[in-house]
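The values are calculated or read from the model by the stated rules, or taken from the named source; none is laboratory data. All values derive from a computational prediction rather than experimental measurement. Glycine also receives a Cβ, built like all others from the backbone with ideal geometry; neighbour counts cover every protein chain displayed. We work out accessible area using only protein heavy atoms, side chains counted, and drop any ligands, DNA or RNA first. Shrake-Rupley method; radii C 1.70, N 1.55, O 1.52, S 1.80 Å.
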Amino acid sequence: FSPIVSKGWMEGLPWLLFASLTAWYLGYLFAVLVPKETITTSIANLQDIGKKPVLRAPVPKRQKCDHWSPCSPGNYAYRILSGGGKQKLAKICFEDDKEKGNVGSGINIAIVNYHSGEMMTFIKNAPKGSLLLMATQDDGSTRLKNDAKKLIEELGSKEIWNMKFRSSWAFIAAKGFRLPDNIQKEKINHSDKKKNRYGDWPAEIQIEGCIPGNLI
């Protein structure tokens with residue numbers, strides 16, 4: 001058996017060798033003349049073409065009284081948090097002005113732009129145009145007399161007569177003006193040993209909202 005060699009293929013062999021040598025030489029020059037950093041960067045850029053951009057959510061801005069969203073201009077932010085057991089203290093906040101370290105067992109009251117003594121005197125002496133923010137700590141019912149309940153009821157409370165031993169309760173009221181109907185004013189949570197979060201105490205509760213500045 002004798003192989004048959006095409007004459008045309010034999011004649012094109014020198015050109016094939018020349019093309020191969022030329023390609024090798026150009027590749028050599030490219031590797032020598034072009035900096036390695038440029039080649040690495042170009043490859044990295046090609047790899048990044050198919051990647052999806054990573055979108056990072058901006059860090060949320062803290063709002064007054066730790067609201068999730070800010071109150072509209074001309075409105076005041078409030079947040080009332082009842083105590084939880086003996087360790088978690090009640091918190092009352094109005095426009096980021098918070099009651100700190102002045103919380104005791106019973107019903108805690110903060111009056112915007114006004115401070116006084118015992119609860120009934122405290123409420124009666126509050127001038128018209130005041131906001132009253134109240135929250136229980138530990139227990140607010142045991143020493144709460146009927147005349148005090150009636151006074152709080154007159155401020156608009158619908159739950160004060162339902163308060164039981166160690167109920168969690170939060171309430172906001174206005175003296176001398178009326179609060180808007182669409183804001184959260186009061187909330188109560190009774191102690192239930194089957195559902196309590198803190199042993200003999202129920203979970204803390206909170207109310208919050210925004211009050212139009214032209215009411216105060």
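Return the distance in nm (one decimal) between the two label points of a simple spin-label model at ARG197 and ASP96, each offset 7 Å from Cα along Cα→Cβ.
That separation, rounded to one decimal, is 2.6 nm.
Quick one: compute the contact order of the stretch 66-216, relative version, from alpha carbon pairs under 8 angstrom and 6+ residues apart, as a percent.
Details: 326 pairs, mean separation 44.0, N = 151.
Dividing the mean separation by the residue count of the stretch 66-216 yields 29 percent.
Order 78-91, 118-131 from most to least packed using the mean count of other Cβ atoms within 10 Å. Don't jump to the answer; show the numbers that get you there.
Details: 78-91: 21.6, 118-131: 14.7.
My ranking of the peptides, most packed first, is 78-91, 118-131.
Return the distance in nm (one decimal) between the two label points of a simple spin-label model at ALA57 and THR121, each offset 7 Å from Cα along Cα→Cβ.
Once both label points are built, they end up 5.1 nm from each other.
Could you pull the accessible area for TRP201 with a 1.4 Å probe, rounded to 10 Å²?
40 Å²
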